[in-house]
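What follows is a single structure, written as structure tokens, with notes after it.
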Amino acid sequence: MKRLMNTPVYIAGAGVISAIGNNVQEHLSAFKNEQAGMGDITHFDSAHKGILPVAEVKMTNAELVEKAGLDHDASRTTLLSLLAAREALADAAIPNIGQWRTGFVSANTVGGMDRSEDFFIDFLKDNSKGKLRNVYDHECGSITEAVANELGITGFMTTLSTACSSSANAVFYGARLIRNGLLDVVVAGGADALTKFTLNGFNTLMILDKEFCRPFDQNREGLNLGEGAGYVVLVSEAVAKTLNKEMYCQLSGYNNSNDAYHQTASSPDGTGSYMAMQGALKRAGLQPTDIKYINVHGTGTPNNDSAEGTAIRRLFDPHYPAMSSTKSFTGHTLGASGGIEAVFSALAVKHGIIYPNLRFKTQMEELPVPPETHFREGQTTDHVMSNSFGFGGNCTSLIFSKV
């Protein structure tokens, strides 16, 4: 096997769908206008309707089916995944992609749970109301297979599910496949749809805010769940040289670390967060002062923001980069968040963007600097870090660098 560990991996295309837009351009417009996507639950019945805000994609399942061109039985996760991945591939505009070794590395945490929930409502009352074979393909891996089939990717596919760091891990796994000479092109990212199970589960953990979330604010009370999908198209240097377009950036650094502190809580001193960021810097050959912007994990929970803030202070003090949580726009999209925020980070590098951290008012004790509160363009963003920290201490940091 030919090892290409020191060769660059470029981002040639990006695609995203979330509560603030159905494509990349709509997201940029929402950021510029500081339009968040949170609101009341509309796509499923819940006892929490009118109580817990969520960040839903503003399309019904029927509208997503029509746009995606899939069967009406497709799960919402599948539909979101296909739309974002398809946009990313179209954006990459790789002619004769069949000549390259192409893979699909996709992440999710809920699979087709939305369809399973609908099925079992009637089935548990009367088992003649359906066949169990109707839910056999609702596991996480089936989403990847269905989307890869629609994209025409048959060379390689795999599914990652590591909670909230899932699609960030998918992105850097894709980069490793290219750097190790196994693939030339990888569509990498992830998707997740809102379900009753996840909403009820996070509510049981008592980490949901009844108001719109306030990441990195001293008075934060929790997160808002969201949904969506985000993918980037990673290409080798050989592929990049054949494309008649400007690359977004390079994926220069990445690291996954685990402090094994708790099943759902981050360690108070941010050990896992610190190791992930430090490891990504080492992999990229950069110093903390090289990072110009951090898209923080920033869920808005007291524990997460405190741990991440402590880790940032430990690594970057006294020279702090600009930082903000785009979850103040999209909500926490769980397994999709790393892919969605990889798209945001690639755009930040290419266009010199700093995103605002909405609803920030009071300085957080664990961090001596405030997050950015206004949308800014034309900034120096040669190196951007994106953090995705999941349950079980599974922490991942990515670094995107100017070409």
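The values are calculated or read from the model by the stated rules, or taken from the named source; none is laboratory data. Note that the structure is a prediction, hence the values are computed from the model and not measured. No Cβ is skipped: glycine too gets one built from the backbone with ideal geometry, and neighbour counts run over all protein chains shown. Ligands, DNA and RNA are excluded from the accessible area calculation, which covers all protein heavy atoms including side chains. Shrake-Rupley method; radii C 1.70, N 1.55, O 1.52, S 1.80 Å.
A few notes on this one:
- Within a straight-line Cα-Cα reach of under 14 Å, Lys361 can be paired with the following aspartates and glutamates, leaving aside sequence neighbours fewer than 8 residues apart in one chain: Asp217, Glu221, Glu372.
- The trypsin sites (Lys or Arg not before Pro) found in the range 154-254 that occupy coil by DSSP, while having at most 15 further C-beta atoms within 10 Å, are Lys210, Lys241, Lys245.
- 12 Å Cα-Cα reach of Lys402 towards aspartates and glutamates, excluding residues that sit fewer than 8 places from it in its own chain: Glu246, Asp290, Asp382
- On the range 167-246, 50 percent of the accessible area sits on carbon and sulfur atoms, based on a 1.4 Å probe.
- Spatial separation of Cα centroids for the range 234-273 and the range 48-93, in angstrom: 25
- Over the range 156-221: Kirkwood hydrodynamic radius from C-alpha pairwise inverse distances, Å: 14.7
- Mean separation of Cα contacts under 8 Å (6+ apart) over length of the chain, as relative contact order %: 23
- Under-5 Å amide H pairs with Leu160, H placed in peptide plane, nonlocal only: Ser106, Ala107, Asn108
- Here each label is just a point 7 Å from Cα along the line to Cβ, and for Thr42 and Asn200 those points are 2.5 nm apart.
- Percentage of interatomic Cα-Cα distances in the chain larger than 30 Å: 34
- With both labels modelled 7 Å from their Cα along Cα-to-Cβ, the Lys131 to Ala260 distance reads 4.6 nm.
- As computed over the range 310-361, the Cα convex hull volume per residue (Å³): 114
- Heavy-atom surface of the chain, accessible at 1.4 Å and reported per residue (Å²): 39
- When the listed pairs Lys129/Lys210; Lys125/Lys196; Lys32/Lys292; Lys125/Lys327 are checked against a 28 Å cut-off, the alpha-carbon distance exceeds it for Lys129/Lys210; Lys125/Lys327.
- Three-way shape label, the range 303-403, alpha-carbon gyration tensor, a/c 1.5: rounded
- Checking every one of the GluC sites (Glu not before Pro) in the range 305-378 against DSSP loop status and a limit of 15 other Cβ atoms within 10 Å picks out Glu365, Glu377.
- The helix-only estimate of mean residue ellipticity at 222 nm for the chain, built from DSSP H runs of length n ≥ 4 each weighted as -39500 (n - 2.57), is -10000 deg cm²/dmol after division by the residue total.
- Beta bridges per DSSP, both residues in the chain: antiparallel share near 65 percent.
- Whole-number percent relative contact order across the range 195-254, with pairs defined as alpha carbons under 8 Å at least 6 apart: 20
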